[in-house]
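Notes follow the structure.
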Amino acid sequence: MLRKYWLNLCLITISVTLFMVGCSNSPSSGPVTINLYSYGSDNVRIAWEAVIKDFEAAHPDIKVALQFLPSGTGGQSLPERFIAAVKSGTDKLDIDILEMDDNDLTQIVDAVGYESLLTLSEKDIPALAQIPEQSPIANNKATVFRGNTVLLAYNADRVPNPPKTNAELTQWIKDHPGRFAYNDPTTGGSGGSFVLTAIYDFLPEEALTSSDEKWSAQWDQGFAALADLHPHLYKASGHVQYPAKNQGTLDLLAAGSVDIIPAWADMTLDQMARDMLPDNIKMTQIEPALTGGLVSIGIPAKVDPNKLKAAQTFLDFLVSAKGQEILVKSQKIIPVISPTLLSGEAQALLGDFKIEKYRLYSIGALNDLLWQRWQKEIATLN
């Protein structure tokens, strides 16, 4: 009997051990972690954190790791990192979701083709059906998720009648030396928009959505106009200054050091709402408009198959009414779905800003050539 007891006990022990080994080899039941790559000013990071917080609360089985590249920090741009990763031939990328504007998308397509990005469909991302208009170059490889534009922010006490056209702005700058500033375009998009607009206003409208190098041969007139404006811009210690980052020019405007600057609409609206700018700061747009655009998001074609469904679920949340509401409230973006799908509070924050008023651009790798020439010919004028 004793021998039989010990035999049964051994069999039970072996069975339990085998069960535990089997459990240890089963897939982890923990949440899937996806890497979201983004870049820009700090308000973009804050908005992403707000979206991720609500998404993770609604989807506890998915974690989103935000890999954020602050603008103006140098090094490889996000599109360049993605292109290098694709060209490396790796079977799987650590980039599961990639943010990109039309300019970035053009650069990616030119370098590694549309096949580097996954085709997005309403079957996998149902909320796509609510978006009335996609980027003309997305080709179902990315979806727009927010809009933004650069306009003029100005001190209404000192400038009761702001310029309405580019020609009027140019004359105002010359008539009010030292009272206008734009940031170094390599450190922030608002200064970049001013430079781009100044140059491309002399070119056919089709050039704004082309990466053909033939257009770079026609930049001379625009660069001459920027050089002509240079001595009339904001100065410190007797020298013209191009502040670092978008925030640099907003700080000058808030301090009363200048009266007009180019500024991102979302950034300015956000700081107005948080009382970070004086009440006399207002916004207006000129004609032709300063450039803005639609920002898109996509999934690499070589995404880890175990993360694909999680990435699609995140995109669906982002372009849903819930995700768009969060972005409007946290970043003051222009939504890509009908504002009527949002709350009255969110609609009130939008005011008169509409996506159809945007002046889009996508010049691909020409963007880098433009900034290099600006640094060589304009930044060195002092």
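Partners of Lys123 within straight-line reach, counting aspartates and glutamates whose Cα lies under 14 Å from its Cα and excluding those fewer than 8 residues away in the same chain: Asp316.
Gain on full extension, evaluated as 0.36 nm per residue between Leu350 and Asp212 minus their Cα-Cα distance, stands at 46.1 nm. From the cross-link list Lys53/Lys302; Lys164/Lys332; Lys87/Lys332, which pairs have alpha carbons spaced over 31 Å apart? Over 31 Å apart, Cα to Cα: Lys87/Lys332. Within the same chain, aspartates and glutamates fewer than 8 places from Lys309 are excluded, and of the rest, those with a Cα less than 16 Å from its Cα are Glu56, Asp61, Asp94, Asp96, Glu122, Asp124. The three principal axes of the Cα atoms in the range 169-320 give end-to-end lengths of 59, 45, 28 Å, sorted in falling order.
Database remark: amide H of Phe180 closer than 5 angstrom to the amide H of Tyr234, Asp259 (H placed geometrically; neighbours at sequence offset of 5 or more, or on other chains; Pro and chain starts carry no H). For Cα extents along the principal axes in Å, the value calculated from this model appears in [x] 97, 49, 40; [y] 109, 45, 43; [z] 80, 54, 33 under label [y].
Taking a point 7 Å out from the Cα of Asn382 in the direction of its Cβ, the residues of the range 221-248 whose backbone N falls within less than 11 Å of it are 234-244. If the chain linking Lys235 and Glu133 were pulled fully straight, counting 0.36 nm for each residue of separation and taking away their Cα-Cα distance, it would gain 32.4 nm.
Please identify every one of the GluC sites (Glu not before Pro) in the range 64-170 that sits in a loop by DSSP and has no more than 14 other beta carbons within 10 Å of its own beta carbon.
On the way: sites: Glu80, Glu99, Glu115, Glu122, Glu133, Glu168; in loops: Glu122, Glu133.
In loop regions of the range 64-170 (DSSP not H, G, I, E or B), the sparsely surrounded GluC sites (Glu not before Pro) are Glu122, Glu133.
Computed from the coordinates by the stated procedures, all read-outs in this text should not be read as laboratory data. Keep in mind that what you see is a predicted model, and the values were worked out from it rather than measured. Neighbour counts are summed over all protein chains in view; Cβ atoms, including those assigned to glycine, are modelled from backbone coordinates with ideal geometry.
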